[in-house]
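Here's the structure, in structure tokens; my notes come after.
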Amino acid sequence: MLSDHPKPPVFAEVAAALPVYCTFTYSIPDHLQGFVVSGKRVLVPFGHRKITAYIIGLDDRIPEIQVKAILEILDEKPLFPHNMIPFFRWMSQYYKCPIGEVIKTALPVGLNLYEYKMLEMTRQGQSALEQNLPSPEEAKILNVLCRHSKAVSIKQLNRLSKKAISPILIHGMEARGWIKSQKMLKGGTTKHRMVKYVSMNDPFHPREEHATAKAKEKILDAVKEYGEISMLALKNKNSSAGRHVKDLQKDGILSVKLKKEYRDPLGSPIAKDCPPKLNREQEDVVSKVLEKTADGFSTFLLTGVTGSGKTEVYLHLAAEIISMGKSVLILVPEIALISQMVRRFRARFGDSLAILHSGLSDGERFDQWDKIASEQVSIVIGARSAIFAPFHNPGLIIVDEEHDTSYKQETRFRYNARDLAVVRAMQNDCIVILGSATPSVQSYYNVKTGKFQELVLTHRIKKRPLATTTIVDLREKKSGKSLKRFITPELFKTMKETLAKKKQVLLFLNRRGFASYPVCATCGAAIMCKNCEITLTLHKSINCFKCHFCGYFIASSSSCPTCGSSNIMRLGLGTEKVEETVKSMFPDARTVRMDHDTTRRKGALINILRDLKNQKIDILIGTQMVAKGHDFPNITLVGIICADLSLSFPDFRAGERTFQVLTQVAGRAGRGQIPGQVILQTYNPNHFSILAARDQDFKRFYNHEINFRKSLAYPPFSRLVQLSISGKNKQKTKTFATDFGDFLKNLQHSDPIFTNNVEIFGPIEAPMSKIAQNYRWQILLKSIKSMPLHGFINRLVHQNSTWLNNRQVKVAIDVDPYMML
């Protein structure tokens, strides 16, 4: 009699956690049947080693080739839901990144297992060394192993030998019996935190009267009071609790169990708030979005002036979506903004939320991921990597400050979280809202072409006025000395008046450090980084010249490397120099600097923001992290030290970025009851980006910028792919770039579709031609149509991949690039 039950799948499709583009099929052994589920990790044989892979599909069809079997399942439950697998596949195909690398990037770090070799010398090797049989290179390896009583890894051997050892050399020595190897697994360091909990077995045990018994009775009383209590809490009450608990456990009175405990990154509790009544514009926005929830996927661009109450709109919409039994994801561009957003949402929804960002420890991030995957929370707030949150049923995705370039990942898997939010919403048939007072040109173009629907908040809440902006022409201030000419009389006077009224001042300069251009006064040579083609920046607080790209530094007392002179002029300026000058001008004011240097330590950023909110800071000096979405009603003056720094970037988006950052930082002023002022200092007072920012007029900026983009066929009227080439050897990198460019041009002419639709620019040296000892070249691919451009890249990736696998020169593919440096 045939069974009515369908046969379980006997093969699994897996993505290896390696830079390989294809997926692989493995058989499922009988003893693992029923445990193999999509979303789990498995240990599989791969060539001569064992690796971690991710299950992304199951099948009962017999493959045409013989396949290997899965060795072990690494998870009790799936790390991600089935609905994320199409999302991973889409990202892999669009961004030309191997799917295993995509999934590895999405998951918390420290989960995967890796196999590695440990080497040690044999007696035969010792004998061969004594007889001078090995070659010089082999003898060097044997001598290193001889000096170590324990086995040595390949990585350690390379370090001790001060060179990369050839695998062929290792295999040859193993074959001759001079060395032996042992394969071992490492990794998997990120796990659940297991905590010992103590509970009663026998609550009616007889009491003992001696001294030790009294200590035990106190422990028992504590356990009875709480029912169950952690061992750590007991030890806080009694330092010898561990010994007594062991005795009571042996007597069968107490039971000790390990329980999973989440590491909590949320901090102290937040007082509940009451939802305020929305104004008419906010109500209209909420109702328009809710009308579309029944239709499934819709994309909205929420625009409006700074301080118009977008966050309150998000809160009301989140409450409605959660009441429908769905989840909400809120993306913010930087960790600096997460604490503010989390505080607002916790005040409304309590602690039924999770946070995801790189500032968490590996364990905290793993716990937050587990809470989301286990459907214990309905709200997730995070930076760009939170787009991978393992929601089962997302109903609303919000991308706050959608224009921000921080949503673009610039290394390894180069994705844009804003664009992925739209893709994920489409795949899950839900709503996505992109919000910004200064939307990206791309997003507003999508409104104009009908892809997105526009929602507008035209007024600040409670009809508060926008800050008035005064432009100060720095070309007229050349007579001033040092930095004091950047604290112009107009700015100084307004700061003095603001501080006299007990209000706060924000000074913005998008450059950190003390002096950004140190130059030798004797020979005129700039003090350069030895690893990068860029000048070092003086950081006075730590007494060193430092590179902001590779981290290289030298003492601030160093002499000129060109001529040996100690007379170094400290030209240029940064937030550190501004801080020193402001403190000398306003010695009684409480002045604090907020940039990457002062917020590096965990908790430092939150402390600064808390002090600012509690009015323990009079003057805040900062880089672009102070410009993004912060709401401090007591800031009534914003001073923009130099508005032109980003205009000089060799990038067609320079004007857009300048307008956005200036408008955003100006929007920090006057968010309370007292109107705000902005002093905008510039060398280009007539530049259209400066004038539009002065008036906080996005439409004026957009109309000018879109014509410029259209005339040159720049995005959004075309698509770009950047091929970044880098290598340690200057000449080899240049030769490779030239040959690679020739190959691409031949590939272009091999197909009429490519010839007619794909333009190739370069190869050329990158504007920053050397970073971290890597010489850099670029090739830019451009097309009016997306399909031919992606077809061209697919032909490169899948049919000519040898160009991408060169050991000495690396090629990185960046689809829809943002940074052209």
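Numbers for the structure displayed
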| quantity | calculated |
| --- | --- |
| Pair list, Cβ under 7 Å, 6 or more apart: segment 747-774 residue farther than 30 Å from residue 729 by Cβ, other residue assigned to a helix (DSSP H, G or I) and among the hydrophobic types (A, V, I, L, M, F, W, C) | 754/747; 754/792 |
| Pairs, first under 12 Å from residue 624 (Cα atoms) and of a type in the set (S, T, N, Q) in segment 496-522, second at pLDDT below 95 and part of a loop (DSSP other than H, G, I, E, B), C-beta under 6 Å, six or more apart | 510/623 |
| Criterion violated by residue 675 - all others in (1) touching a Phe, Trp or Tyr at 6+ places or on another chain (Cβ under 8 Å); (2) under 22 Å from residue 694 (Cβ atoms); (3) surrounded by fewer than 24 Cβ atoms within 10 Å (Cβ to Cβ) satisfied | (1) |
| Unique residue being over 30 Å from residue 332 (Cα atoms) and either of a type in the set (Asp, Glu) or surrounded by fewer than 21 Cβ atoms within 10 Å (Cβ to Cβ) (or both) when the list is 647, 747 | 747 |
| Yes/no for residue 386 being outside any loop (DSSP other than H, G, I, E, B), under 20 Å from residue 294 (Cα atoms) and of a type in the set (Gly, Ala, Ser) | no |
| First in segment 368-383 and in contact (Cβ under 8 Å) with a residue 60 or more places away in the chain and of a type in the set (Val, Ile, Thr), second anywhere and in a helix (DSSP H, G or I) and open to solvent by less than 10 Å² (accessible area, probe 1.4 Å), Cβ under 7 Å, 6 or more apart | 379/318; 379/345 |
| Condition check for residue 741: among the small types (Gly, Ala, Ser), modelled with pLDDT under 95 and out of contact with any Ser or Thr (no Cβ under 7 Å at 6 or more places or on another chain) | no |
| Unique match (being at positive phi and small (Gly, Ala, Ser)) among 564, 574 | 564 |
| Which numbered condition residue 109 misses (of (1) surrounded by 20 or more Cβ atoms within 10 Å (Cβ to Cβ); (2) within 27 Å of residue 411 (Cβ to Cβ); (3) not small (Gly, Ala, Ser)) | (1) |
| Test set (1) part of a helix (DSSP H, G or I); (2) under 19 Å from residue 509 (Cα atoms) - residue 679 fails condition number | (1) |
| Among residues of segment 285-295, those that are touching a residue at least 60 places away in the same chain (Cβ under 8 Å) and out of contact with any helix residue (DSSP H, G or I) (no Cβ under 9 Å at 6 or more places or on another chain), counted | 2 |
| Residue within segment 761-774 that is touching an Asp or Glu at 6+ places or on another chain (Cβ under 6 Å) and polar (S, T, N, Q) present | yes |
| Residue satisfying condition, being in contact with an Asp or Glu (Cβ under 7 Å, 6 or more places away or on another chain), in contact (Cβ under 8 Å) with a residue 24 or more places away in the chain and assigned to a loop (DSSP other than H, G, I, E, B), within set 110, 39, 57, 34 | 110 |
| Which listed residue is closer than 19 Å to residue 303 by Cα, without any contact (Cβ under 8 Å) to a residue 60 or more places away in the chain and within 31 Å of the chain's Cα centre (by Cα), from 669, 692 | 692 |
| Residue match in segment 1-10 (condition: among the acidic types (Asp, Glu), in a loop (DSSP other than H, G, I, E, B) and either open to solvent by less than 20 Å² (accessible area, probe 1.4 Å) or more than 25 Å from residue 188 (Cα to Cα) (or both)) | yes |
| Candidates 64, 76, 13, filtered to the one that is among the charged types (D, E, K, R) and surrounded by 14 or more Cβ atoms within 10 Å (Cβ to Cβ) | 13 |
| Looking only at segment 584-642, and only at residues there that are within 26 Å of residue 489 (Cα to Cα) and among the small types (Gly, Ala, Ser), the one that is surrounded by the most Cβ atoms within 10 Å (Cβ to Cβ) | 639 |
| In segment 688-747, the residues that are among the small types (Gly, Ala, Ser), closer than 30 Å to residue 772 by Cα and not in a helix (DSSP H, G or I) | 724, 726, 727 |
| Residue check, residue 490 among the acidic types (Asp, Glu), assigned to a helix (DSSP H, G or I) and either in contact with a Lys or Arg (Cβ under 6 Å, 6 or more places away or on another chain) or closer than 21 Å to residue 645 by Cβ (or both) | yes |
| Where residue 268 falls short, out of the listed (1) among the polar types (S, T, N, Q); (2) at pLDDT below 85; (3) in contact with a helix residue (DSSP H, G or I) (Cβ under 9 Å, 6 or more places away or on another chain) | (3) |
| Segment 527-540 residues that are free of Cβ contacts under 8 Å to residues at least 40 places away in the same chain and farther than 21 Å from residue 578 by Cβ, paired with ones that are open to solvent by 30 Å² or more (accessible area, probe 1.4 Å) and part of a loop (DSSP other than H, G, I, E, B) (beta carbon under 6 Å, 6 or more apart) | 529/552 |
| Test for residue 700: is it open to solvent by 70 Å² or more (accessible area, probe 1.4 Å) and in contact with a Phe, Trp or Tyr (Cβ under 9 Å, 6 or more places away or on another chain) | yes |
| Residue satisfying all of: in segment 629-647; farther than 25 Å from residue 580 by Cβ and not aliphatic (A, V, I, L, M); modelled with the highest pLDDT among these | 633 |
| Residue in segment 85-96 that is closer than 30 Å to residue 790 by Cα, free of Cβ contacts under 8 Å to residues at least 60 places away in the same chain and either of a type in the set (Ser, Thr, Tyr) or open to solvent by less than 40 Å² (accessible area, probe 1.4 Å) (or both) present | yes |
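Residue-wise test of (1) open to solvent by 40 Å² or more (accessible area, probe 1.4 Å); (2) more than 25 Å from residue 411 (Cβ to Cβ); (3) in contact with a strand residue (DSSP E or B) (Cβ under 8 Å, 6 or more places away or on another chain); (4) at pLDDT below 90.
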residue	(1), (2), (3), (4)
37	yes, yes, yes, no
40	no, yes, yes, no
101	no, no, no, no
118	no, yes, yes, yes
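Rundown of residues vs (1) open to solvent by less than 30 Å² (accessible area, probe 1.4 Å); (2) among the hydroxyl-bearing types (Ser, Thr, Tyr); (3) touching a strand residue (DSSP E or B) at 6+ places or on another chain (Cβ under 9 Å); (4) closer than 26 Å to residue 690 by Cα, yes/no style:
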position	(1), (2), (3), (4)
417	yes, no, yes, no
427	no, no, no, no
430	yes, no, yes, no
433	yes, no, yes, no
436	yes, yes, yes, yes
447	yes, no, yes, yes
455	yes, no, yes, yes
458	no, yes, yes, yes
464	no, no, no, yes
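The values are calculated or read from the model by the stated rules, or taken from the named source; none is laboratory data. Here the structure is a predicted model, which means the values were calculated and not measured. A quick note on method: Cβ atoms are made from the backbone with ideal geometry, for glycine too, and the neighbour counts reach across all protein chains shown. In case anyone asks, the SASA skips ligands and DNA or RNA and just uses the protein heavy atoms, side chains included. Shrake-Rupley method; radii C 1.70, N 1.55, O 1.52, S 1.80 Å.
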